[in-house]
Amino acid sequence: MNDKLIIVSTRLPVSVSRVDGKLRFDSSAGGLATAIHSLKKSKDSVWVGWPGIASDDLTRSEKQQITTELQKRGCYPVFLTSDQVDAFYSGYSNSTLWPLFHYFPREATFVDDYWRAYQEVNALFTKTVLKFATRDSKIWVHDYQLMLVPRMIRTAQKDALIGFFLHTPFPSFEIFRLIPEREMLLEGLLGADMIGFHTYDYVHYFLTSIVKVLGHENSLGTIRIGDRLVHTDAFPIGIDYKKFENESKNRKVHAILKSFNVLRVKTKIILSVDRADYTKGIPARLDAFEQFLERYPQYVKKAVLLIIAVPSRGDVDAYRDLRATIEQKVSRINGRFATIDWSPITYRYQPVPFEELSALYRLADVMLVTPLRDGMNLVAKEYVASRSNHDGALVLSDMAGAAIELTDALLVNPNNTTQVADAIHDGLSMTRSEQHKRMKKMQARVAEYTIEKWAQDFITELKATKTRKNKTIKSLTEDQENELIQKYDNAEKRLILLDYDGTLKEFSSSPRSRRSEPTNKLRKMLKVLTQDKRNKVVIISGRKKNTLSSYFKDHNLGLIAEHGGWMFDLGRWISHSKNTPDWKNSIRPILKTFVARTPGSEFEEKDFSFVWHYRLVQPNLAYVRKEALKTKLKSALHSDEIGIFEGQKIIEVKPKRMNKGAAANKLARETKWDFILAIGDDYTDEDMFLALPHNAYTINVGMQDTNARFQLSNVDEVLRLLHAL
Ligand code: ADQ
């Protein structure tokens, strides 16, 4: 198998810029790039993304030059104009999604043009991916900027193997619902086979939004979308542990450390390193440091805070404001506490080279990582990996994904200024042995689940989705279908059992809707089937007898209504079941109350059962009401003979023994059939599949877990098969 891997992320690991009129290519040594490198065993792999320079600045030959140069490095460019960069990247991605995904609704802007650009650029990425994608490719899409890409690829290539990983938090539903395009974003993601998050909390929030916004429920994190399964799981990203650990041997790092040593002898060092982003909580951290100096004056002139902030997203207003706020606070605190020979805060607004960052991690007595929200936070893990002497203390916000793994850090709520101030003090005064104990435990974790492991784990699970799909889904293959047709042709006595809703006819909004009626085409097809004397065709449905009579009055069909409660035989409806009004009288008021309190739901009373339909109910309300109704019904039903059943957007209360299995069994024993075919989509059809002989052709529609031998994905496929017969 050609194991091509296609990585898709907004930015490529190579950045192109123009220096003195010439194009310059800089490779980023980012963790993801390292991880992907270890996965890129095959020469066929490619990384698709934006090279970081706007295409309006480029001539045709420069674009060609970029493409050629990037291809040498395993990358392929998606060129974006400066307008697209503004609206898609700075706009929708960083001014709408980023703030909301980090619980900053006040920073979020909603601009139609941003959304248009987001769709356009996602389509552009998709188009580029499709240039490389073959049937056997593994496509791995990264992050919140490209949430529409999985579905766009899926539409073009039904069988593609697509993974998606979100590097930010996935917010709780109350935040996610604010996004005007929430449905489209979720549908976009559901194009993937595997969707990964850093933590189980994010998985849970995502699944909640899926059920509340789109109405798709899940089973242990797996969502069924028609004939596809979408898996979700937590994959906490790691770092290139060895790289940070080995820096202790790097001479450059030693030289930098030496130059800092003077500072270190007299002073304790508290370090803060982030991209300058409002989610990282730098102003609140400064407040906490100020309070630390107030509460623990013994550290005045004995401790310094080094703040390293890497300039980021300077073209977004919120980031410009943030810089101003940080600088005001730094200068105020320095002004308040500084002496002639000491200043409490050293502040740098610039990227630092890797060796220097590494030296700083080694230097810091306390590492202060207090984001207000963070998907994971790699700085915390990098600090841990750099502490080859096992000393030092990590103060870590419990709002960062990393807090779930690094439980031996001093965990704080970043909004609790006093708690952070105290944690700085606790870190500085912690005994060496306590530091060692905690650091070693954290190191064991970070060394174990490295970025390579993370990437391999994700890809392994992604590949497994394909195997799982093959195992659980029993699609009727072409050969099996030909065999079925041949057996049908050779048979003299054939029994054909067909469910109606969801099998011969798509579900309509309400059971009473006129759209539920059979189309002329369907009627005609059934007529042709019944005209063949060798066939006995029976519609076996949960519908009321009168409805079935009105739908199929002129047909020579057998009819079974109410899951076997009624049978149409020799021109009349007969029933062997007794109508027992007692349980119905106690249940009816409950259902009526639920209908009244649940707009969009309907209540249907049949001779032997009740059905509560919730297809039109707002998904989040339906979810809550459905569970509440089941509980209420359970406590109200005092008979073991009556069961509560969950079907396609319905809850049905009916006698347990009244099921399609009993009815199908009776028909199957009527004579010695040479060929039996049963097709259905719902839970009631499962009884039918189980009741029929092993050699019967039992077919489930819709790809859920089933007792049927085969599966077809939708009504159209059923009609096509019947037509072929
Ligand atoms: P970021 O928000 O960028 O990443 P983070 O995880 O901390 O946050 O990664 C930042 C990286 O930049 C680290 O590797 C760090 O070494 C480097 N860096 C930070 N400050 C630097 C400085 N001053 N100079 C040089 N390098 C610096 C997003 C999510 C995170 C998630 C990652 C990975 O927001 O939550 O952990 O992706 O999934």
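Six or more apart or on different chains, Cβ atoms under 8 Å: show the pairs whose first residue is in segment 237-250 and more than 23 Å from Ile459 (Cα to Cα) and open to solvent by 30 Å² or more (accessible area, probe 1.4 Å) and whose second is modelled with pLDDT of 85 or more and within 10 Å of the ligand (Cβ to nearest atom).
Partner pairs satisfying both residue conditions: Asn250/Ser358.
Could you tell me whether segment 54-72 includes any residue that is modelled with pLDDT under 95, within 16 Å of the ligand (Cβ to nearest atom) and of a type outside the set (Phe, Trp, Tyr)?
The answer is no; no qualifying residue exists.
Is it the case, given these coordinates, that Thr68 is out of contact with any His (no Cβ under 6 Å at 6 or more places or on another chain), part of a helix (DSSP H, G or I), free of Cβ contacts under 8 Å to residues at least 24 places away in the same chain and surrounded by fewer than 21 Cβ atoms within 10 Å (Cβ to Cβ)?
yes
Filter the strands (runs of 3 or more DSSP E) completely within segment 362-462 down to those with at least 1 residues that are within 16 Å of the ligand (Cβ to nearest atom) and buried (at least 19 other Cβ atoms within 10 Å of the Cβ).
In segment 362-462, 366-369, 393-397 are the strands (runs of 3 or more DSSP E) which contain 1 or more residues that are within 16 Å of the ligand (Cβ to nearest atom) and buried (at least 19 other Cβ atoms within 10 Å of the Cβ).
Phe260 - would you say it is more than 14 Å from the ligand (Cβ to nearest atom), open to solvent by less than 30 Å² (accessible area, probe 1.4 Å) and not hydroxyl-bearing (Ser, Thr, Tyr)?
no
Being assigned to a strand (DSSP E or B) and either buried (at least 17 other Cβ atoms within 10 Å of the Cβ) or touching a helix residue (DSSP H, G or I) at 6+ places or on another chain (Cβ under 6 Å) (or both) is the requirement here; does Trp573 meet it?
Yes; evaluated as a whole, the condition is true for this residue.
Let me confirm something: among Arg494, Arg515, Arg534, which residue is in contact (Cβ under 8 Å) with a residue 12 or more places away in the chain and open to solvent by 60 Å² or more (accessible area, probe 1.4 Å)?
Arg534
Can you tell me which residue is farthest from Ala622 (Cα to Cα) among those in segment 180-211 that are more than 16 Å from the ligand (Cβ to nearest atom) and of a type in the set (Asp, Glu)?
Here the answer is Asp193.
Thr232 - would you say it is crowded, with 22+ Cβ neighbours inside 10 Å and of a type outside the set (D, E, K, R)?
Against the criterion (crowded, with 22+ Cβ neighbours inside 10 Å and of a type outside the set (D, E, K, R)), Thr232 qualifies.
Among the residues of segment 362-380, which ones are of a type in the set (D, E, K, R) and within 16 Å of His436 (Cα to Cα)?
Within segment 362-380, Arg362, Asp365 qualify.
Any chance you could count how many residues in segment 130-166 are touching a helix residue (DSSP H, G or I) at 6+ places or on another chain (Cβ under 8 Å) and either in the same structural domain as Gly401 (by TED's automatic domain parsing) or away from the ligand (no atom under 16 Å from the Cβ) (or both)?
Result for segment 130-166: 15.
So if I check each of Ala303, Ala324, Ala276, which one is hydrophobic (A, V, I, L, M, F, W, C) and without any contact (Cβ under 8 Å) to a residue 40 or more places away in the chain?
Ala324
Within segment 276-296, can one find any residue that is out of contact with any helix residue (DSSP H, G or I) (no Cβ under 9 Å at 6 or more places or on another chain) and surrounded by fewer than 22 Cβ atoms within 10 Å (Cβ to Cβ)?
Within segment 276-296 (the criterion being out of contact with any helix residue (DSSP H, G or I) (no Cβ under 9 Å at 6 or more places or on another chain) and surrounded by fewer than 22 Cβ atoms within 10 Å (Cβ to Cβ)), the answer is no, since none of the residues qualifies.
In segment 127-143, what residues are in a loop (DSSP other than H, G, I, E, B), more than 12 Å from Gly49 (Cβ to Cβ) and open to solvent by 20 Å² or more (accessible area, probe 1.4 Å)?
If the condition is that a residue be in a loop (DSSP other than H, G, I, E, B), more than 12 Å from Gly49 (Cβ to Cβ) and open to solvent by 20 Å² or more (accessible area, probe 1.4 Å), then Thr134, Arg135, Asp136 are the ones that fit.
For residues in segment 592-611 being open to solvent by less than 40 Å² (accessible area, probe 1.4 Å) and touching a residue at least 40 places away in the same chain (Cβ under 8 Å), which is farthest from Lys544 (Cα to Cα)?
Per the criteria, the residue is Glu602.
For residues that are within 25 Å of Ser95 (Cα to Cα), open to solvent by 10 Å² or more (accessible area, probe 1.4 Å) and in contact (Cβ under 8 Å) with a residue 12 or more places away in the chain, tally how many sit in segment 204-229.
Residues flagged as within 25 Å of Ser95 (Cα to Cα), open to solvent by 10 Å² or more (accessible area, probe 1.4 Å) and in contact (Cβ under 8 Å) with a residue 12 or more places away in the chain within segment 204-229 amount to 6.
Would you point out the residue of segment 7-51, among those that are among the hydroxyl-bearing types (Ser, Thr, Tyr), over 23 Å from Val149 (Cα atoms) and in a strand (DSSP E or B), that is modelled with the lowest pLDDT?
Top of the filtered list is Ser27.
Looking only at segment 543-557, decide whether some residue is in contact with a strand residue (DSSP E or B) (Cβ under 6 Å, 6 or more places away or on another chain) and among the small types (Gly, Ala, Ser).
No, every residue in segment 543-557 fails to be in contact with a strand residue (DSSP E or B) (Cβ under 6 Å, 6 or more places away or on another chain) and among the small types (Gly, Ala, Ser).
Checking Ser388 against (1) closer than 16 Å to Ile307 by Cα; (2) touching a helix residue (DSSP H, G or I) at 6+ places or on another chain (Cβ under 6 Å); (3) at pLDDT below 95, only one condition comes out false. Which one?
That leaves (1) as the condition not met.
Return the pairs, sorted by first residue and then second, in which the second residue is surrounded by fewer than 24 Cβ atoms within 10 Å (Cβ to Cβ) and of a type in the set (Lys, Arg), the first residue lies in segment 670-687 and is touching a residue at least 24 places away in the same chain (Cβ under 8 Å), the beta carbons are less than 6 Å apart, and the residues are 6+ apart or on different chains.
Matching pairs, first to second residue: Trp673/Lys493; Asp674/Lys493; Phe675/Lys487; Phe675/Arg494.
Scanning for something within 19 Å of Thr267 (Cα to Cα), near the ligand (Cβ under 9 Å from one of its atoms) and open to solvent by 50 Å² or more (accessible area, probe 1.4 Å), does segment 348-358 turn up at least one residue?
yes
Quick check on segment 71-95: of everything there that is farther than 19 Å from Arg116 by Cα and of a type in the set (D, E, K, R), which residue is surrounded by the most Cβ atoms within 10 Å (Cβ to Cβ)?
Arg73
Look at segment 309-346 and say how many of its residues are more than 26 Å from Ala87 (Cβ to Cβ), part of a strand (DSSP E or B) and either polar (S, T, N, Q) or modelled with pLDDT under 95 (or both).
Number satisfying all stated conditions: 4.
Report yes if Thr168 is open to solvent by less than 40 Å² (accessible area, probe 1.4 Å), touching a residue at least 60 places away in the same chain (Cβ under 8 Å) and under 30 Å from Glu355 (Cβ atoms), otherwise no.
Spelling it out, Thr168 is indeed open to solvent by less than 40 Å² (accessible area, probe 1.4 Å), touching a residue at least 60 places away in the same chain (Cβ under 8 Å) and under 30 Å from Glu355 (Cβ atoms).
When you go through (1) in a helix (DSSP H, G or I); (2) away from the ligand (no atom under 16 Å from the Cβ); (3) not β-branched (Val, Ile, Thr) one by one for Ser93, which number turns out not to apply?
Single failed check for Ser93: (2).
The values are calculated or read from the model by the stated rules, or taken from the named source; none is laboratory data. As the structure is a prediction and not an experimental result, all values here were calculated from the model. Every residue, glycine among them, receives a Cβ derived from its backbone with ideal geometry; neighbour counts consider all protein chains shown. Areas reflect the complete protein model, heavy atoms only, side chains present, ligands, DNA and RNA absent. Shrake-Rupley method; radii C 1.70, N 1.55, O 1.52, S 1.80 Å.
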